[in-house]
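First the structure, in the form of structure tokens, and then the observations on it.
Nothing in this text is a laboratory measurement; each read-out follows from the coordinates by a stated rule. Remember, predicted model here, so these are calculated numbers, not experimental data. Neighbour counts run over all protein chains shown; Cβ positions are idealised from the backbone, glycine included.
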Amino acid sequence: MSTPNNIALRAGELRDLLNKHNHLYYVADQPEVTDSEYDRLFKELTQIEADYPTLLTADSPTQRVGGKALDKFSQITHVLPMLSLDNVFDREELEAFDQRVRDWLNTADIQRYAAEPKLDGLAISLRYENGILIHAATRGDGEVGEDVTTNVRTISSVPLKLQGEGIPEVIEIRGEIFMPKVGFEALNVQQIAEDKKPFVNPRNAAAGSLRQLDSKITANRPLAMICYGLGEIRGMAKPETHLQAMQIIAKWGCQISPELQLVEGVEACLAYIQQIGERRQRLPYDIDGVVFKVDRFELQQRLGFVSRAPRWAIAHKFPAQQEMTVIEDIEIQVGRTGALTPVARLKPVFVGGVTVSNATLHNQDEIERKDVRVGDTVIVRRAGDVIPEVVQVVLSKRPENTHAFVMPTQCPVCQSDVERVEGNAVARCSGGLYCPAQRKEAIKHFASRKAMDVDGLGDKLVEQLVDEGLINDPADLFQLTIEPLSNLERMGEKSAINLVAALQMAKQTKFARFLYSLGIRETGEATTRSLASHFLTLDALQQADEASLIEIEDVGPIVAHHIVTFFQQSHNQEVIERLLDAGIHWPEERKIAADSALSGKTIVLTGTLEQMSRSEAKEKLLALGTKVSGSVSKKTDFVVAGRDAGSKLTKAEKLGVSVVDEATLIEWLK
């Protein structure tokens, strides 16, 4: 049968592509495609060679495992080849593997498999002679690997000498060197602090750390090893099963997978896959699938292997957590607190079990660090339920004439100014009272107990009012009438009457409460009280500049900037004017006398008061210029102890702080 030219050309193209990616992955540690993309190319070439055997060549990537050993390391020839594993991706393919095993063994018996997670690291073979580690070699091309003995000796989980009884003359123990998640995160923090490029993922970090010429660098990297197989054995009878072999080397001091289990049949394999998949994100290391091996070595020997993989083992790969796609646009989302988040609009790609078309870019600093641009080909990661993110730009695929992305200076939703405080990565919209993206949170805060204290206006009702289009900002609350309110679900006429009455009552407030209700960033209760007592009127505060604001206690440069920016926004001013027109008012503020007996004193309230609530007492004390604290310290001037005072009273007595009763408090307030 003749081979069509287009098929032959495609086979050659695939061989070139896979050889290139093998080199980038195994030798250069600079992969340009995700594992899933590589798997697709490899599967396509395998199928072509199966359909057209004349296209199978000696240099085909399907006939070898990986790339050549690095020249900078000496080489070690494996006595027994280090084989790779074939992959399956779903139930049907796993069932087909199990059926092949039984067909080759000429049996209908349910097969027993040793199952464990497939670590995402670097395969290694350790050769021990009389229990002493002689050398360590990477897989390389399966026949010849790199001598990384000096570096492997620095890994604490690799025993330099096997301990215990029955240690053979020669034994090769094989496993995976990897970097735990916690160590990877700490390493990248260190890399960034030292102005070095952070690693893309733990696998790359592990590979780069193991291939250091200076072993001192490797010694400072958080590497670990889990063992999963054996190579050459001399001077000892091979155990009957894989599970027994792992238990033996564990007794000698080797780390094996704590997830290693024996399962029987396909259904048990599928249950194991589901169990590990559900726990995947909680495991301390990255995995990309599950490995199943026929447990009995005698059956493994009967099954043998094909050119590059054993017939007795298979890797079930999880849905890819990383994929490659193209950024078609970068848009800005405004969150409920005004935070601006750049979002990459992607050419849809299947990753992590779902089709992804959006990925977070976090903030401007992150975009600049990764140099992400519209038109870039990027690697996208989605792990579990985590929001997809752009991990890395594939610079070799960047088109010409791309431009660096710059965050907008006006909110894309309401056109208010965007502010970003120095040292803070997040940029925010300053139109808090008006911005549609923030309206629900702004109204909830405005009506909350410590702000305008609108009785009966809870979070769910606020969301319902906004969703029904009855309100768009806090000022709209005071235009609500009974009829539309009573028609709302779970509302009724009586509830509507009560809410309208509560809104009318809320119009009588205090200047400090009104300022707090506006939701100015980083301006809490204590700060708004200081502002109210200092400026006395809203007009005076609105005209204040940053220099005059930072003279006030509780107000620093950042808070002063937030206050000035907030009042500069015309939309915020419009809402404030409508609130005042609706009838919100407060008693005239008076300057607290500097010689007030309690001015500047720090007071702590504890226990139950009989003549007023603690919150009422707090308000009255604050009006006299005191500071009301929630905890007792050496700086506390007085503790007011009511009935059933507890630990705060005990601490006050221990520190020698003056303690007074409620009667004394009443005298002070008079």
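Would you please give the FRET efficiency between GLU588 and LEU655, computed as 1/(1 + (r/R0)^6) with r the Cβ-Cβ distance and R0 = 56 Å, to the nearest 0.05?
Working: r = 39 Å, r/R0 = 0.70.
E(calc), rounded to 0.05, equals 0.90.
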**Prompt:** Which of the aspartates and glutamates could a cross-linker bridge to LYS440, judged by Cα under 13 Å and excluding same-chain residues fewer than eight apart?
**Reply:** ASP459, GLU463, ASP467, GLU468, ASP473, ASP476
**Request:** Multiply the residue separation of LYS251 and ARG490 by 0.36 nm, subtract the distance between their alpha-carbon atoms, and state the gained length in nm to one decimal.
**Result:** 79.4 nm
**Asked** In straight Cα distance, which lysines are under 29 Å from LYS317, not counting same-chain residues fewer than 8 positions off?
**Response** LYS20, LYS43, LYS68, LYS118, LYS181, LYS293, LYS347, LYS370, LYS397
**Prompt:** Karplus couplings for the range 460-466 from phi (6.51 cos²θ - 1.76 cosθ + 1.60, θ = phi - 60°), rounded to Hz, Gly and Pro as x?
**Reply:** 5, 5, 4, 4, 5, 5, 5
**Prompt:** From the Cα gyration tensor of the range 77-317, with a ≥ b ≥ c the square roots of its eigenvalues, which class applies: rounded if a/c is under 1.5, or else prolate if a/b is larger than b/c, or else oblate?
**Reply:** oblate
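If neighbour count is taken as other Cβ atoms inside 10 Å, put VAL406, VAL290 in order from fewest to most. Don't skip to the answer; put the middle values down first.
Values: VAL406 9, VAL290 24.
Going from least to most buried by this count: VAL406, VAL290.
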**Complete:** Scoring the chain by relative contact order with C-alpha pairs under 8 Å, at least six apart, yields a percentage of 9 percent
**Prompt:** In degrees between 0 and 90, to the nearest 10, how far off the longest principal axis of the chain does helix 557-568 point, with axes built from Cα atoms?
**Reply:** 70 degrees
**Message:** Can you list residues from other chains, or at least 5 along the same chain, whose modelled amide H is less than 5 Å from the amide H of VAL391?
**Reply:** ILE379, VAL380, ARG381
**Prompt:** If you add up the charges near TRP104, with Lys and Arg at +1 and Asp and Glu at -1, over every other residue whose beta carbon is less than 10 angstrom from its beta carbon, what do you get?
**Reply:** +3
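Ignoring everything except DSSP H segments at least 4 long, calculate the 222 nm mean residue ellipticity for the chain; use -39,500 (n - 2.57) per segment, divide by total residues, nearest 500. List each step's numbers first, then the result.
Working: 24 runs with 236 residues, N = 670.
Using -39500 (n - 2.57) per qualifying helix, the result is -10500 deg cm²/dmol.
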**Prompt:** What full-extension length gain, to one decimal in nm, is calculated for ASP644 and ALA425 as 0.36 nm per residue of separation minus the Cα-Cα distance?
**Reply:** 74.2 nm
**Prompt:** Which value in nm describes the separation of the simple spin-label points at THR360 and GLU298, placed 7 Å from the Cα toward the beta carbon?
**Reply:** 5.6 nm
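With a 10 Å Cβ neighbour count serving as the proxy for reagent exposure, in which order, fewest first, do TYR52, TYR285, TYR434 appear? Mind dumping the intermediate values first?
On the way: TYR52 16, TYR285 21, TYR434 26.
In order of increasing Cβ crowding within 10 Å: TYR52, TYR285, TYR434.
For GLU93 and PHE305, calculate 0.36 nm times their separation in residues minus their Cα-Cα distance, and state this gained length in nm to one decimal.
On the way: separation 212, 0.36 × 212 = 76.32 nm, distance 1.82 nm.
Roughly 74.5 nm would be gained on extension.
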**Label-point separation in nm, GLU368 to THR664, each point 7 Å along Cα→Cβ** = 5.6 nm
**Message:** Just to confirm the number: angle between the C-alpha axis of helix 265-279 and the first principal axis of the chain, 0 to 90 degrees, nearest 10?
**Reply:** 40 degrees
**Asked** Looking at the range 568-670, how many pairs of lysines come closer than 12 Å at the Cα, when each pair is eight or more places apart or spans two chains?
**Response** 7
**Asked** So how do TRP586, TRP312 line up by other beta-carbon neighbours within 10 Å, fewest first?
**Response** TRP586, TRP312
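How high is the FRET efficiency between VAL406 and ASN472 when r is their beta carbon distance and R₀ equals 35 Å, given to the nearest 0.05? Present the calculation step by step, with values, prior to reporting the outcome.
Values: r = 30 Å, r/R0 = 0.86.
That gives a FRET efficiency of 0.70.
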**Message:** Could you tell me how far the Cα centroid of the range 198-227 sits from the Cα centroid of the range 257-316, in Å?
**Reply:** 26 Å
